[in-house]
Amino acid sequence: MHRKNFIKTAGLGFGAIPLLRRDWLTIFMQENPYKMKMLRNDVGIFTEKGGTIAYYISKNNIAVVDAEFPEQSKHLIDALAKDPGKSFEILINTHHHGDHTSGNISFKGIVPHVAAHSNSLLNQQRVAKEKNTEAQQLYPDITYDEAWKYKKMKENIEAYYYGPAHTNGDSIIFFPHANIAHVGDLVFNRQWAFIDRSAGASIKNWILVLDKIQSQFDNDTIFVFGHSFDPEKVTGNKTDVKAMQDYLKNLLAFVNSQIKAGKTKDDIVKATSIPGVTEWNGDGIERGLQAAYEEEIQGIM
């Protein structure tokens, strides 16, 4: 989408917020490489490079979900700081991957708390040690194991964990008043998914997690996705969540059929399509095929 068209489209989302806030966001969208868009009830999204960021702006405070990379998180901080009289209240990570957490460091000394699932913290610490990047991390100081609520803002922010999926530490971050749920990388919208078995991923349970999400949230819920093949579609509805679930089901079914047919892992990962999956695009189909193979073989052994 051309910048001119994007600005025209994104501007439609600002009608419910004060004029001054609309003005500074519009200016920043025109002058910077990133995109910011208000969704509903003072919750918006920021996209540039990495996993989609969501933010909530109250009268006095700001909450942020995910942080992309250091350069991008600084862009977000600078943009939100242009709305005067507000301080950063909390940063929440949906999971540990670097395109969602390496930007945490930009919030050091700015935000009093960082929250994440306990497994997300352990994964972030492990990867940082492996890559010798511990000095570049801002780790969560608040962790939880299942449901958790942050009640210090006008919008009570909720977090839910339903077990291993994309990793073993994926959270759904919910803004109940706005009815917006950031599902992180539990949904790669029409884009081949990264399945991180080194961090405890489970495709079988991922399918169940997506079932719980569809049951928990209603047809008016706006979902924020970690990634999308079409960058303009990082938000969506339950239909998109169901499509992600169907993709994972078809992925497992295809790999299982190939194993039963005597195909090797090398044979399976060479596939360029998956029966029943017609909308998924981009690079990385082989990553999902390999992860599914390893999970199915592990289950057989």
### Message
Condition first: modelled with pLDDT of 90 or more, more than 16 Å from the chain's Cα centre (by Cα) and open to solvent by less than 10 Å² (accessible area, probe 1.4 Å). Now tell me which residues in the range 25-54 satisfy that.
### Response
34, 38
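State all residues of the range 149-158 that are open to solvent by 100 Å² or more (accessible area, probe 1.4 Å) and either of a type in the set (Ser, Thr, Tyr) or part of a loop (DSSP other than H, G, I, E, B) (or both); if no residue qualifies, say none.
Here is the first cut: in the range 149-158, the ones open to solvent by 100 Å² or more (accessible area, probe 1.4 Å) are 149, 151-152, 154.
Once the filter is applied, which keeps residues that are open to solvent by 100 Å² or more (accessible area, probe 1.4 Å) and either of a type in the set (Ser, Thr, Tyr) or part of a loop (DSSP other than H, G, I, E, B) (or both), the range 149-158 yields 151, 152, 154.
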## Note on the structure
Per the list (1) outside any helix (DSSP H, G or I); (2) open to solvent by less than 50 Å² (accessible area, probe 1.4 Å); (3) of a type outside the set (D, E, K, R); (4) more than 25 Å from residue 48 (Cβ to Cβ), residue check on residue 219 breaks on (2)
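Can you tell me which residues in the range 95-109 are surrounded by 15 or more Cβ atoms within 10 Å (Cβ to Cβ) and either outside any helix (DSSP H, G or I) or in contact (Cβ under 8 Å) with a residue 60 or more places away in the chain (or both)?
Within the range 95-109, 95, 96, 97, 100 meet the criteria.
Evaluate the following for residue 146: is it crowded, with 19+ Cβ neighbours inside 10 Å, assigned to a loop (DSSP other than H, G, I, E, B), acidic (Asp, Glu) and in contact with a Phe, Trp or Tyr (Cβ under 8 Å, 6 or more places away or on another chain)?
Numbers: crowded, with 19+ Cβ neighbours inside 10 Å: no; assigned to a loop (DSSP other than H, G, I, E, B): yes; acidic (Asp, Glu): yes; in contact with a Phe, Trp or Tyr (Cβ under 8 Å, 6 or more places away or on another chain): yes.
The answer is no for residue 146.
Matching residues to (1) free of Cβ contacts under 8 Å to residues at least 60 places away in the same chain; (2) in a strand (DSSP E or B); (3) not acidic (Asp, Glu):
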{"position": "49", "(1), (2), (3)": "yes, no, yes"}
{"position": "55", "(1), (2), (3)": "yes, yes, yes"}
{"position": "59", "(1), (2), (3)": "no, no, yes"}
{"position": "74", "(1), (2), (3)": "yes, no, yes"}
{"position": "111", "(1), (2), (3)": "yes, no, yes"}
{"position": "130", "(1), (2), (3)": "yes, no, no"}
{"position": "138", "(1), (2), (3)": "yes, no, yes"}
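Looking at this structure, is residue 81 out of contact with any helix residue (DSSP H, G or I) (no Cβ under 7 Å at 6 or more places or on another chain), free of Cβ contacts under 8 Å to residues at least 60 places away in the same chain and either of a type in the set (Gly, Ala, Ser) or open to solvent by less than 10 Å² (accessible area, probe 1.4 Å) (or both)? Give the derivation first.
Values: out of contact with any helix residue (DSSP H, G or I) (no Cβ under 7 Å at 6 or more places or on another chain): yes; free of Cβ contacts under 8 Å to residues at least 60 places away in the same chain: yes; either of a type in the set (Gly, Ala, Ser) or open to solvent by less than 10 Å² (accessible area, probe 1.4 Å) (or both): yes.
The answer is yes for residue 81.
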### Query
Hey, residue 279 hits all of (1) open to solvent by 60 Å² or more (accessible area, probe 1.4 Å); (2) outside any loop (DSSP other than H, G, I, E, B); (3) modelled with pLDDT of 95 or more but one; which does it fall short on?
(2)
### Query
Is one or more of the residues making up the range 238-247 surrounded by fewer than 15 Cβ atoms within 10 Å (Cβ to Cβ), assigned to a helix (DSSP H, G or I) and either touching a Phe, Trp or Tyr at 6+ places or on another chain (Cβ under 7 Å) or of a type in the set (Ser, Thr, Tyr) (or both)?
yes
## Note on the structure
Scanning the range 250-268 for residues that are without any contact (Cβ under 8 Å) to a residue 40 or more places away in the chain and closer than 19 Å to residue 190 by Cα, the one surrounded by the fewest Cβ atoms within 10 Å (Cβ to Cβ) turns out to be 253
#### Entry: Residue among 205, 189 that is out of contact with any helix residue (DSSP H, G or I) (no Cβ under 8 Å at 6 or more places or on another chain), of a type outside the set (A, V, I, L, M), at negative phi and open to solvent by less than 50 Å² (accessible area, probe 1.4 Å)
205
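The values are calculated or read from the model by the stated rules, or taken from the named source; none is laboratory data. Note that the structure is predicted; figures quoted are calculated from it, not measured. Note: ideal-geometry Cβ built from the backbone for every residue, glycine included; neighbour counts use all protein chains shown. These accessible areas exclude ligands, DNA and RNA; they are computed on the full protein's heavy atoms, side chains included. Shrake-Rupley method; radii C 1.70, N 1.55, O 1.52, S 1.80 Å.
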